[in-house]
């Protein structure tokens, strides 16, 4: 009879501890596992482009990349200080995005972690923030 309470206690403890473990993304995961245009904040996917319900735009003059849903209620906007050219470049950028109840702004130094097929993977390790953008021609 002592084993059932013991098993229940251990199960509750395991469930509680698993909630404490960090499941945030690191740069290597971001570069290897994220293939779509998206925004990752604090290591978690915030928004992912879906061509059925989203629009994308790129303003070459302002170096600004935008993803928004068709209702314009959910979006992220990346405004870069300079255009990335190659892996290893570091660029300053501002990211504005929507959540359920806020419109946060992030100013960060992003490293170009990957470049492929006109897509840039930009990563800021201090905020675990990643953006995949596509330069539209």
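The values are calculated or read from the model by the stated rules, or taken from the named source; none is laboratory data. On a predicted model such as this, the values are computed, not experimentally measured, just so you know. A quick note on method: Cβ atoms are made from the backbone with ideal geometry, for glycine too, and the neighbour counts reach across all protein chains shown.
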Subject >> Members of segment 90-101 that are modelled with pLDDT of 95 or more and not in a strand (DSSP E or B) >> reply: 98
Subject >> Filter result for the condition that a residue is surrounded by fewer than 17 Cβ atoms within 10 Å (Cβ to Cβ) and either in contact (Cβ under 8 Å) with a residue 12 or more places away in the chain or touching a strand residue (DSSP E or B) at 6+ places or on another chain (Cβ under 8 Å) (or both), over 90, 77 >> reply: 90
Original post:
What about residue 107, is it modelled with pLDDT of 95 or more, touching a strand residue (DSSP E or B) at 6+ places or on another chain (Cβ under 8 Å) and surrounded by fewer than 17 Cβ atoms within 10 Å (Cβ to Cβ)?
Top reply: yes
Subject >> Verdict on residue 30 being assigned to a helix (DSSP H, G or I), modelled with pLDDT of 90 or more and within 21 Å of residue 118 (Cβ to Cβ) >> reply: yes
**OP:** Could you tell me which residue of segment 117-126 is surrounded by the most Cβ atoms within 10 Å (Cβ to Cβ), considering only residues that are over 12 Å from the mean Cα position of the chain (by Cα) and under 17 Å from residue 47 (Cβ atoms)?
**Re:** 120
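Conditions (1) more than 18 Å from residue 25 (Cβ to Cβ); (2) under 13 Å from the mean Cα position of the chain (by Cα); (3) not in a strand (DSSP E or B), marked per residue:
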{"site": "56", "(1), (2), (3)": "yes, no, no"}
{"site": "67", "(1), (2), (3)": "yes, yes, no"}
{"site": "86", "(1), (2), (3)": "yes, no, yes"}
{"site": "103", "(1), (2), (3)": "yes, no, yes"}
{"site": "115", "(1), (2), (3)": "yes, no, no"}
{"site": "136", "(1), (2), (3)": "yes, no, yes"}
Subject >> Failed item, numbered, when residue 70 is tested on (1) surrounded by 15 or more Cβ atoms within 10 Å (Cβ to Cβ); (2) at pLDDT below 95 >> reply: (1)
Original post:
Which one of 129, 98 is in contact (Cβ under 8 Å) with a residue 24 or more places away in the chain, surrounded by 17 or more Cβ atoms within 10 Å (Cβ to Cβ) and closer than 13 Å to residue 77 by Cα?
Top reply: 98
**OP:** Exactly one condition in (1) crowded, with 17+ Cβ neighbours inside 10 Å; (2) at pLDDT 95 or above is not met by residue 84; state its number.
**Re:** (2)
